[in-house]
Amino acid sequence: MRLNLFILLLYSIIAYPQSNYPQDYFVNPLEIPTSLSGTFAELRSNHFHSGVDIKTRQRQGFKVLSAASGFVSRIKVTFFGYGKALYITHPNGYTTVYAHLQKFAPEIEAYVKKHQYEKESYEIELFPKADDLKVSKGDVVAFSGNSGGSLAPHLHFEIRDNQERPLNPMLFGLDVKDTTPPFVTALYAYPMDKTSHVNHSNVRQKLRLIPLQNGDYSVENIEAFGKIGIGIVTNDRQDYAPNKNGVYNIQTFLNGSQAYELDFRRFSFDETRHINRLIDYEHYKKKKQYIQKLYNDENPLSIIKPALSDGFLVIKDSADYMYKIKVNDFKNNPTWITMEIKGIKNDSLNPEIQKTTPYFIQAHHATTLKEGRVSVNIFKDSFYDDFYMDFEVHNDTLILHDDTLPVKKSIAISYDISNYKEVDKERLYIANLLGYSKHPVYSASERKGNQLTTLTKNLGTYALAIDTIPPTIRPGNFKDKQWVSNYQYLKIKIDDTPSGISNYRATVNGKWILMEYDYKTKTLTYNFNDGIITDTKNNLKLIVTDNVGNSSTFETLFYRK
Ligand SMILES: [Zn+2]
């Protein structure tokens, strides 16, 4: 009897996990109805999305409310990433995060500016004490924006637990209308070893999906043998937005019993990059589409439920199998995919010949490759699997395989630059040559004497490049010697090719002024409300420096009463 009760309790915890999270603790951070352009843990480049993206009607400036009482525990302002971000810690141990903000609420804005002027830097990270900036549930703490890496106005909202792990905010009652089940775009089968095959082939096969009237799918019957993995392309759509969002849960069943489960409820930042192991990385790099593996090939991701099997199908000759996939959104709208697999062994297939090179990389061993003036340090466990690497050096061009294998840990690429003239050494950088046009993209390069080194998590083609062109600076909304008495902002456009902007410093009559940098519009903005400028005649001086140290100085006069 007691055991039954225990099982019942256990069942209720497993079946109703939502009940573990407080449902009325957090209020909606925006006052408009919630519609999402991004769901929690959806698949992004090199990471899972750590929050929800709440749509703001293509506009900025909506009031952002503190989801619960607490205190501002962290403020971060960066050119890229989250842009202007606010972190509020609550007495129940959770922290809420609000990102891509336009600006903070007046009291917080004043606090941030004070520190920006002290540090003479727009980029800043602050950890206020519990008494500094207390907030109550529903207080306006900021205004929604488009700052940092945001590509359209929205509010990025997160809930993190006391170990800094982001959780799906929907678990806490954030509500979005969703009556539409997920949809499936493609399904693939991967023969996993030399003897396995699918539909008379031993390489990846795209399976033919047959949409059914009720929204489910069947799959054209397949013949297979041996160890097989299945991969799926699936997304969810909610009721009031056309956005293709991520799904919440995927399960597979073989002959009626559950085989595998992916559960997108919580993850930690130190595992987020293993997304590159969860997806077919080569396919993503070539087609920009995420095929999620429904099998675990030694992936430490916590979203893969450990209790079940590894998800592989092991198909025997002359046996029949029924394989089902269930994809759920958060609102438990299921989509089922059903496929019948016939086990048929085919001995006449020629196994694919694996390409070999002289550079066999053992994933669990460190190694150094060297040729000419280039050396590549590969650290232990930089890769998931052993493989034959392409490694070629032609003068200053390094072919380091191609970007079709995920890299776990940074690799160090070093160039000996002793053959360059002293003046040029200063302006050299290591570039990652991308795309068909092989355009050079600056890879953060550090020089020690005659060694120039970059750390990278991308395989591909690299080359030494030189940047001798200083940044450009031109006034945005005013001219030299202009009266700007009625202006609220002073705007200046800055740009740099090829290495990119590293930093800038603006002063008026010798005093540092805060200019906010938006890299997307290449604009620096000063707000006259800061009250720094009190003279009539003003000398503005701006120095902009690029990533290799070329700098430009711009000076202008403006008048103001
Ligand atoms: Zn986001």
Discussion item. So if each residue of separation counts as 0.36 nm, and I subtract the Cα-Cα distance between Glu120 and Glu392, what length gain in nm does that give?
Written reply: 93.4 nm
Item to complete: Show me 346-357, 251-262 ranked by packing, highest mean number of other Cβ atoms within 10 Å first.
Response: 251-262, 346-357
Item to complete: Evaluate the distance, in nm, between pseudo-label points positioned 7 Å from the Cα of Lys537 and of Lys244 along their respective Cα→Cβ axes.
Response: 6.1 nm
Discussion item. So, R0 is 51 Å and r is the distance between the beta-carbons of Lys481 and Lys286; what FRET efficiency does that work out to, to 0.05?
Written reply: 0.40
Response to the item:
Extend 7 Å from the Cα of Asn509 along its Cα-to-C-beta direction; within region 525-561, residues with backbone N under 12 Å of that point are 532-540, 558-561
Response to the item:
Each label sits 7 Å from Cα toward the beta-carbon; between Glu426 and Thr553 the label points are separated, in nm, by 1.5 nm
Worksheet item: Say each of Met322 and Thr179 gets a label point 7 Å from the Cα, pointing the same way as Cα to Cβ; how far apart are those two points in nm?
Response: 3.1 nm
Worksheet item: So what is the 222 nm mean residue ellipticity for the chain from helices alone, if each DSSP H run of at least 4 adds -39500 (n - 2.57) and you divide by all residues, rounding to the nearest 500 deg cm²/dmol?
Response: -2000 deg cm²/dmol
Worksheet, complete the sentence: With every protein chain in place, the accessible area of Leu455 for a 1.4 Å probe, in Å² rounded to the nearest 10, comes to 110 Å²
Item to complete: Could you tell me the largest-minus-smallest coordinate of the C-alpha atoms of region 253-403 on each of the three principal axes, in descending order and whole angstroms?
Response: 58, 46, 28
Response to the item:
Rounded to 0.05, the calculated FRET efficiency for the beta carbons of Glu109 and Phe379 at R₀ = 56 Å is 0.85
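Compute the FRET efficiency between Lys493 and Val27 as 1/(1 + (r/R0)^6), taking r as their Cβ-Cβ distance and R0 = 41 Å, and round to the nearest 0.05.
The calculated FRET efficiency here is 0.55.
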Discussion item. Sort Phe558, Phe80, Phe225 by heavy-atom solvent-accessible area, probe 1.4 angstrom, most to least.
Written reply: Phe80, Phe225, Phe558
Item to complete: May I ask for log10 I(q)/I(0) of the chain at q = 0.08, 0.09 Å⁻¹, from a Debye sum over the Cα atoms as equal point scatterers with solvent left out?
Response: -0.70, -0.87
Worksheet item: Which residues' amide hydrogens lie under 5 Å from the amide hydrogen of Thr234, considering only partners 5 or more residues apart or on another chain, with H built in the peptide plane?
Response: Thr185, Gln292
Worksheet item: DSSP beta bridges in the chain, what fraction antiparallel, as a percent rounded to 5?
Response: 95 percent
Worksheet item: Taking the DSSP beta bridges in region 421-561 as the whole, what percent of them are antiparallel, to the nearest 5?
Response: 95 percent
Fill in: Peptides ranked, highest mean first, by Cβ atoms within 10 Å: ranges 273-282, 488-497
273-282, 488-497
Worksheet, complete the sentence: Burial-style ranking of 380-390, 95-105, 177-187, average other-beta-carbon count within 10 Å with highest first, yields 95-105, 177-187, 380-390
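The values are calculated or read from the model by the stated rules, or taken from the named source; none is laboratory data. The structure presented is a predicted model; accordingly, all values stated were derived computationally and were not measured. We place every Cβ from the backbone using ideal geometry, glycine too, and count neighbours over all the protein chains shown. Heads up: the accessible areas ignore ligands, DNA and RNA and are worked out on the full protein's heavy atoms, side chains in. Shrake-Rupley method; radii C 1.70, N 1.55, O 1.52, S 1.80 Å.
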